[in-house]
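Engineer: Once you've had a glance at the structure underneath, I'll fire off some questions.
The values are calculated or read from the model by the stated rules, or taken from the named source; none is laboratory data. Here the structure is a predicted model, which means the values were calculated and not measured. Note that we place each Cβ from the backbone using ideal geometry, even for glycine, and neighbour counts take in every protein chain shown.
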Amino acid sequence: MARLGLLAALTVLGLPVLAGLAGVIGPAFGYLPALGGQAFSLEPWRGLLAWPGLAGAVRLSVVTGFLATLIALGLTFLIVAAWQGRPGFAWLTRVLAPMLALPHAAAAFGLAFLIAPSGWIARGLSPWATGWDRPPDLLIVNDPLGLALVAGLVVKEVPFLLLMTLAALPQTDSHRSLLVAQSLGYGRTVGWLKVVAPRVYAQIRLPVYAVLAYAMSVVDVAVILGPTRPPTLAVQILDWTTDPDLSLRFQAAAGSVLQLGLVVAALGVWRAGEGLVGGLWTRWATRGARGVVADPALRRLATGAAGAVGLAVGLGLAGLFLWSVAGLWRFPAAWPEVLTLRTWAGEVVALGPVTGQTALIALGATVAALVLAVAALQARPDPGRWVLALIYLPLVVPQIAFVPGLASLALVLGLDGTAVSVALAHLVFVLPYVVLVLAEPWRAWDHRAGLAAAALGARPARVLWAVRLPMLFRALLAAVAVGFATSVAQYLPTLLIGAGRVGTITTEAVALASSSNRRLIGVWAVVQMALPLAMFALCLLLPALLFRNRQGMRTG
Amino acid sequence: MTLIVDDLTITRAGQPMVALSCRVAPGEVLTVMGPSGSGKSTLLAALVGALPGGFRMAGRVLLNGRDITGLPTHARRLGILFQDDILFPHLSVGGNLGFGLPARVPERDRLIAEALEDADLAGMERRDPASLSGGQRARVALMRTLLSGPDALLLDEPFARLDSALRARMRAFVFERARRRGLPVVLVTHDSADAVAAGGPVIDVQGRPVALPSP
């Protein structure tokens, strides 16, 4: 039974990716019988190469990918190096966890509102410092260099990498290593970077690859924050894919293959860079510089970085909410003159069904993922290298490279455009996160509890249902919260598999990106972030409520 | 009720760890002594059918004339107590005892109440196990095992975590109840005081008698 579950889980992870890739490689070389493409041809590539924006788009994909990943990883290590074991650290991790539930699009909208020429930063500085009495005509959001896009990716990936680092720390013997380094005279931050960081990096390598691939090929954040003329490669591929002119599908497929190639090449470069940096790191570590003098400055830098990320997200979300209830709001006033629920009242009819549909799809995908994850872990509690690689496959292969192919297959099979097929598409991305959240608590569970239960006469099924699952209830709900948030945040799979007939909060919100109606965007983005956060709160409260008289269930 | 270990050998990577034949009579306590790492816990794991991968086992285990060697843990009717009480944290004290009591047994509440009374814990059904003292938790764990109606009792250093005053009382409590029910007991320990209190034969994992220091 459990082995069957493992097999099913691996199929869910691997098959759609491979089928989807096959579904773009064919059309990329002219083969798509449904659209009359019968013979091998290089025409799609000629079309792609003829696009004037290509060179810029390729450069943008590579630069934003590397920049966002390097900055996010650097800040993450700096924050943990300076803070691990200090009083504020536990608080920091508690604040970070819900940030993982925040959809990328909502965070991106929040940041866009914050840094826009008419945003809070400009308002705060005007007119006393800038002399502006109207929003300046500056391209801060959607800037051609993609810096706003990088910033949007960094504020969302730092929390992710931080949580991955926290999960990896117990396996690196970090406390004792750090203590030894400090007793040898090293400053805390430099000591951590020299002794613990290499081991942590080895543990979080796959999440880092996922961040790099994601940053290079993201669509929704790029639609909101990225350059528009020309857009990023991924956004352009989506434009071609959804163009009424169906012949552009071939060109789009060629673009998908190119995007995949770029990500694979970038991962190769990153891998080679790991060796190089690793060597330099070792030399730096063995040189013996204690870094005691640099310690306070590094700590301030880390605090500043954590604060900046937190403020960017926090103020951004507050701004979204404020715009959603704002009446007249003149520049450079920091606060609207009138607060009104008019925008909400106008949207409530449209919001209701979409929110319900989003929640149902997310619940379906999450429950299915939970069942598969439990079955897979039951069969194989310690995933081997290959299983782990397969878990990360849907996170490392860019969505824009295989989801269009999957959508064509769904279309051919007549499976597109239903809530069930959208939920199934979400499952491909929900399952990896659910497994990642569940794997460590599952492994750490005290097996003697299972042995004690079996010795009392409980069959394996009863040990699972009556002992193991209840004892891991908190971890199961954490997995539910993360899985639910992952599903709500999905943009591309919803858009393409939903085929315009099934929409979620996220597709509706991102569709508003090109409009300049901040109040409307505010309403939809607030709902988009509130839905996963509500689930997160529920998943925190429920175990506390159910086990309020059980001290032994407080941790774990 | 008799527990017979018939020519049991356990090897790991070709290295012999355990080689044992013994017979434990009803109410008798067989003590297996040895330093940590000598294979005591491996022996218990083999007896309950939870030998980790990498070990090879030969021989037979008979309980009450039944050959239980190939049975899964839940079908062996071997109660086991660990160094820690391993009470299930999500269940109340009464819930833990109910978990041990087989489903078909009638008058569950009365049996649970009697077991708690016997353990000097009368009326504590609804308590959170985490709110009990170490000694109380150990007694609940024993009662949970006894309620499951085992044919033999295995003790994996169950007194090691208790402080010395409590340890003597708990030993007497466990041995007395096992004797009263005529259960064969295998006690694994590195503490010779446990072995002295048990009063039965004392051997190592190779089956050789171990001489106890004179009191």
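Engineer: Which fully enclosed helices (runs of 4 or more DSSP H) of the stretch A:440-556 have 2 or more residues being more than 14 Å from chain B (Cβ to nearest Cβ) and more than 30 Å from B:Leu132 (Cα to Cα)?
Structural biologist: Qualifying helices (runs of 4 or more DSSP H): A:473-489, A:492-498, A:505-511, A:518-546.
Engineer: Something else: Got at least one residue in the stretch A:384-395 being buried (at least 16 other Cβ atoms within 10 Å of the Cβ), outside any helix (DSSP H, G or I) and in the same structural domain as A:Leu4 (by TED's automatic domain parsing)?
Structural biologist: no
Engineer: Considering B:Pro106, B:Pro102, which residue is at the interface with chain A (Cβ under 8 Å from one of its Cβ atoms) and surrounded by fewer than 16 Cβ atoms within 10 Å (Cβ to Cβ)?
Structural biologist: It is B:Pro102.
Engineer: A further question follows. Quickly run through the stretch B:114-163 and pick out the residues that are of a type in the set (Val, Ile, Thr) and in contact (Cβ under 8 Å) with a residue 60 or more places away in the chain.
Structural biologist: B:Thr145
Engineer: If I filter the stretch A:125-132 for residues that are in contact (Cβ under 8 Å) with a residue 60 or more places away in the chain, surrounded by fewer than 23 Cβ atoms within 10 Å (Cβ to Cβ) and closer than 23 Å to A:Arg299 by Cβ, do I get at least one hit?
Structural biologist: No, because not a single residue in the stretch A:125-132 is in contact (Cβ under 8 Å) with a residue 60 or more places away in the chain, surrounded by fewer than 23 Cβ atoms within 10 Å (Cβ to Cβ) and closer than 23 Å to A:Arg299 by Cβ.
Engineer: Give the residues of the stretch A:536-548 that are more than 28 Å from the chain's Cα centre (by Cα) and either at pLDDT below 85 or surrounded by 18 or more Cβ atoms within 10 Å (Cβ to Cβ) (or both), sorted by residue number.
Structural biologist: Scanning the stretch A:536-548 gives a single hit, A:Phe547.
Engineer: Also: Based on what the data block shows, is B:Ala138 touching a Lys or Arg at 6+ places or on another chain (Cβ under 6 Å) and within 22 Å of B:Arg171 (Cβ to Cβ)?
Structural biologist: Taking the combined requirement at face value, the residue does not satisfy it.
Engineer: Let me ask something else about it. Can you tell me which residues in the stretch B:164-191 are touching a strand residue (DSSP E or B) at 6+ places or on another chain (Cβ under 7 Å) and among the small types (Gly, Ala, Ser)?
Structural biologist: The answer is B:Ala178, and nothing else.
Engineer: List the pairs whose first member sits in the stretch B:164-189 and is among the small types (Gly, Ala, Ser), whose second member is modelled with pLDDT under 90, and whose Cβ atoms are under 8 Å apart, counting only residues at least 6 apart or on separate chains?
Structural biologist: B:Gly182/B:Met1
Engineer: Looking only at residues that are β-branched (Val, Ile, Thr) and assigned to a strand (DSSP E or B) in the stretch B:12-68, which one is nearest to the other protein chains (Cβ to nearest Cβ)?
Structural biologist: B:Val61
Engineer: Okay, moving on. Working carefully through the options A:Ala289, A:Ala272, A:Ala285, A:Ala254, find the one that is over 15 Å from A:Val397 (Cβ atoms), small (Gly, Ala, Ser), over 22 Å from the mean Cα position of the chain (by Cα) and outside the structural domain of A:Val62 (by TED's automatic domain parsing).
Structural biologist: Going through A:Ala289, A:Ala272, A:Ala285, A:Ala254 in turn, just one is over 15 Å from A:Val397 (Cβ atoms), small (Gly, Ala, Ser), over 22 Å from the mean Cα position of the chain (by Cα) and outside the structural domain of A:Val62 (by TED's automatic domain parsing): A:Ala254.
Engineer: A further question follows. Which of the residues belonging to the stretch B:69-90 are crowded, with 21+ Cβ neighbours inside 10 Å, farther than 19 Å from B:Met1 by Cβ and more than 7 Å from every other protein chain (Cβ to nearest Cβ)?
Structural biologist: B:Asp85, B:Leu87
Engineer: Quick one: is A:Gly23 among the small types (Gly, Ala, Ser) and surrounded by 13 or more Cβ atoms within 10 Å (Cβ to Cβ)?
Structural biologist: Considered against the rule, which asks whether it is among the small types (Gly, Ala, Ser) and surrounded by 13 or more Cβ atoms within 10 Å (Cβ to Cβ), A:Gly23 comes out as yes.
Engineer: Quick test for you: out of B:Arg110, B:Arg171, B:Arg127, pick the one residue that is assigned by TED's automatic domain parsing to the domain that holds B:Pro209 and farther than 21 Å from A:Val463 by Cβ.
Structural biologist: On inspection, the qualifying residue turns out to be B:Arg171.
Engineer: Report the residue count in the stretch A:225-276 for those that are among the polar types (S, T, N, Q), surrounded by fewer than 24 Cβ atoms within 10 Å (Cβ to Cβ) and not in a helix (DSSP H, G or I).
Structural biologist: Total meeting the criteria: 3.
Engineer: Give me a count of the residues in the stretch B:163-202 that are crowded, with 18+ Cβ neighbours inside 10 Å and among the aliphatic types (A, V, I, L, M).
Structural biologist: 12
Engineer: Here's another thing I want to ask about it. Would the stretch A:290-309 turn up any residue that is out of contact with any Cys (no Cβ under 7 Å at 6 or more places or on another chain), surrounded by 16 or more Cβ atoms within 10 Å (Cβ to Cβ), part of a loop (DSSP other than H, G, I, E, B) and not polar (S, T, N, Q)?
Structural biologist: yes
Engineer: Quick one: in the stretch B:132-178, which of the residues that are of a type in the set (Lys, Arg) and either within 12 Å of the chain's Cα centre (by Cα) or part of a helix (DSSP H, G or I) (or both) is farthest from B:Glu107 (Cα to Cα)?
Structural biologist: Across the stretch B:132-178, the extreme among qualifying residues is B:Arg167.
Engineer: Assess whether B:Gly34 counts as being surrounded by 15 or more Cβ atoms within 10 Å (Cβ to Cβ) and in contact with a His (Cβ under 7 Å, 6 or more places away or on another chain).
Structural biologist: yes
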